[in-house]
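No value in this document is a laboratory result; all are computed from the given coordinates. Model, not experiment: these values are computed from the prediction. Cβ atoms come from the backbone with ideal geometry, glycine included; neighbour counts cover every protein chain shown.
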Amino acid sequence: MAFLYSIFDIFGFLSEMHFVLQVIVFAYILYWLYINFRENQILFGLSSIIAAYFVILNPITTTTLVVLFVAFAVMGMHLQMLIQFGVYPLFRFFGMELEHPEMAEQQQMQAIEKKLMEGKELSHDEVKFLEKSQQRQMEYQKHVQQYMRPSA
Amino acid sequence: MNYLLAANIWETLGYLWWLWLFIVAYFFYNWAREHLAFSPLLTLAVAAILIYYLVIEYPLVGSMTLLGWTLISSGILYLLPMVLPFLKPRK
């Protein structure tokens, strides 16, 4: 354990990085406060002092909240685009499907329809799937008819 | 001759490394300037802290920050799934 202190100084590194992160978080909070309270200097000053107290007294909580805010509120749209158009296609390229289960059902239905059009035989699982989906369709139709029936 | 060439390459790489460090330092200074525009003194203080730790003391961490931010915000990752299928061997 001692070599962690002596050779690589990992804990020193972590504490210094923590300090840097805290400075970045405080600067970001100040930026956000200035955007919101630039009309009122007293409000900006007071809220900066409160923010500084939060950053100093609860550094881990504050850092986590700010990181979550930046990741999901500020960069949220970007993150979503990155996952949808960057990561998903990459997974598909490497042969891993990461679709929603409903999408998978639709795709299976399309594959079955294609097979039927081509006149190929369906496998046992596919017949089961078809029966199940038809049954669901019929139930749905029944509900719709019940709803559409004119009230007496 | 080879020795001279090798020395020259290392010297060039050294200059490029300093240039890269300057770019990373400017990136952090720019971040501080953009976020703390209301106070020039605070901008300098925050930029000094960031540059001291992320450029002078741990240049690799600072470099990775800049590279990671560029990777995420530039759209290079969108391009990968478009380019990769062209590299796939045809069956």
Expected max-MSF residue from A:M138, A:M81, A:M96 in the GNM of chain A (alpha carbon, under 10 Å) is A:M138
Hydrodynamic radius by Kirkwood for the stretch B:2-87, inverse mean 1/r across distinct Cα pairs, in Å, is 15.3
Who wins for biggest fluctuation among B:T70, B:T12, B:T43 in a Gaussian network model of chain B, springs between alpha carbons below 10 Å?
B:T12
Mind giving me the nanometre distance, one decimal, between the label points for B:E11 and A:L14, set 7 Å out from Cα along Cα→Cβ?
4.4
For the pair A:V74 and B:L84, what calculated FRET efficiency results from E = 1/(1 + (r/R0)^6), where r is the Cβ-Cβ distance and R0 = 35 Å, to the nearest 0.05?
0.75
Along the Cα→Cβ direction, 7 angstrom out, place labels at B:N30 and A:S123. What is the inter-label distance in nm?
5.3
Along the charge dipole of the protein assembly as shown, Cβ charges K/R +1 and D/E -1, which of A:L90, B:L41, A:S47 sits furthest on the positive end?
A:L90
Helical contribution to [θ] at 222 nm, DSSP H n ≥ 4, -39,500 (n - 2.57), averaged over chain B, rounded to 500:
-27500 deg cm²/dmol
What does the convex hull of the alpha-carbon atoms of the protein assembly as shown project to on average, in nm²?
29.9
If you average the C-alpha positions of the stretch B:12-91 and of the stretch A:100-142 separately, how far apart do those two centres end up, in angstrom?
50
What chymotrypsin sites (Phe, Trp or Tyr not before Pro) in the stretch A:62-152 are in a loop by DSSP, with at most 14 other Cβ atoms within 10 Å of the Cβ?
A:F94
Hydrophobic long helices for chain B, i.e. whole DSSP H runs reaching 20 angstrom or more by Cα along the axis with Kyte-Doolittle mean at least -0.5, come out as B:2-35, B:59-74
Highest GNM mean-square fluctuation, chain B, Cα pairs closer than 10 Å: which of B:Y52, B:Y26, B:Y15?
B:Y15
Given a Förster radius of 45 Å and the C-beta distance between A:Q108 and B:L71 as r, what FRET efficiency does 1/(1 + (r/R0)^6) yield to the nearest 0.05?
0.80
Let me have the relative contact order for the stretch A:2-74, percent, based on Cα pairs under 8 Å that are six or more residues apart.
27
Which value in Å does the Kirkwood hydrodynamic radius of the stretch A:2-74 take, with 1/r averaged over all unlike C-alpha pairs and then inverted?
13.7
What relative contact order, as a whole-number percentage, does chain A give when Cα pairs under 8 Å and 6 or more residues apart are counted?
11
